[in-house]
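The numbers here are math on the coordinates, done by the rules we state, and not lab data. Predicted model only: the values in this text are computed from it and were never measured. Here the Cβ positions follow ideal geometry from the backbone for every residue, glycine too, while neighbour counts run over all protein chains shown.
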Amino acid sequence: GAVVSQHPSRVICKSGTSVKIECRSLDFQATTMFWYRQFPKKSLMLMATSNEGSKATYEQGVEKDKFLINHASLTLSTLTVTSAHPEDSSFYICSAQRLEANVLTFGAGSRLTVL
Amino acid sequence: GQQLNQSPQSMFIQEGEDVSMNCTSSSIFNTWLWYKQDPGEGPVLLIALYKAGELTSNGRLTAQFGITRKDSFLNISASIPSDVGIYFCAGQVTSGTYKYIFGTGTRLKVLA
């Protein structure tokens, strides 16, 4: 149990385009999901906390207009990187919080490359 | 962004040796989680700790929630080659969004 599916796993796009990444909890409901960004050989940096039915809470320094987060249901949160630029290239990982165990279950990550 | 201090940063060990790593913070946490991440994958949960002083095992892994709630350690006994990877601690803050902050990571390499 407790599986989180993240899609796409890899995406390459041209500079200026927008990219949407989906995060789904397959066998449990998640009122809260977290989006992280990871640079090569670095730790996970929290970008935002996504709450079902409400606006996301962004960490300091993360542009909310650039990284749009939508958590429209208890099993789906999406991250849209708008007007992507090469510096947005990174590994983006979502996680869903299992309340009954107070742990995070992670997706497999999405590697974004902006040309 | 906020991060936990994790040490050591990396370590090379011989197969069969025991490994110890720890995380420290200036803040207290509600929950400590330990994860392992393989290259190009998402982190996988190893152990969850919920109470100060709690000691929990999962096979060859043992972790403890520090009494002060500001630190935690993870031990791996009798390491094997598949233990290779990056280990992260994560602490849950005690207010606001109750978000999880990750440690800087320990990169483990096991020599057969």
* To do: Output yes when any residue across the stretch B:29-37 is facing chain A (nearest Cβ under 10 Å), touching a Leu at 6+ places or on another chain (Cβ under 8 Å) and free of Cβ contacts under 8 Å to residues at least 40 places away in the same chain, and no when none is.
  => no
* To do: Within the stretch A:28-39, count every residue that is more than 8 Å from chain B (Cβ to nearest Cβ) and either exposed (fewer than 14 other Cβ atoms within 10 Å of the Cβ) or of a type outside the set (S, T, N, Q) (or both).
  => 7
* Entirely in the stretch A:40-115, the strands (runs of 3 or more DSSP E) that have 1 or more residues that are facing another protein chain (nearest Cβ under 8 Å) and surrounded by 14 or more Cβ atoms within 10 Å (Cβ to Cβ) -> A:44-51, A:90-98, A:103-106, A:110-114
* Asked: If you take the residues in the stretch A:15-39 that are of a type in the set (F, W, Y) and in a strand (DSSP E or B), which one is farthest from A:A72 (Cα to Cα)?
  -> A:Y36
* To do: Determine if the stretch B:87-106 includes at least one residue that is crowded, with 20+ Cβ neighbours inside 10 Å, within 14 Å of chain A (Cβ to nearest Cβ), in contact with a Lys or Arg (Cβ under 6 Å, 6 or more places away or on another chain) and not small (G, A, S).
  => yes
* Structure fact -> Picking from A:C23, A:C13, the residue that is buried (at least 16 other Cβ atoms within 10 Å of the Cβ) and farther than 27 Å from A:E100 by Cβ would be A:C13
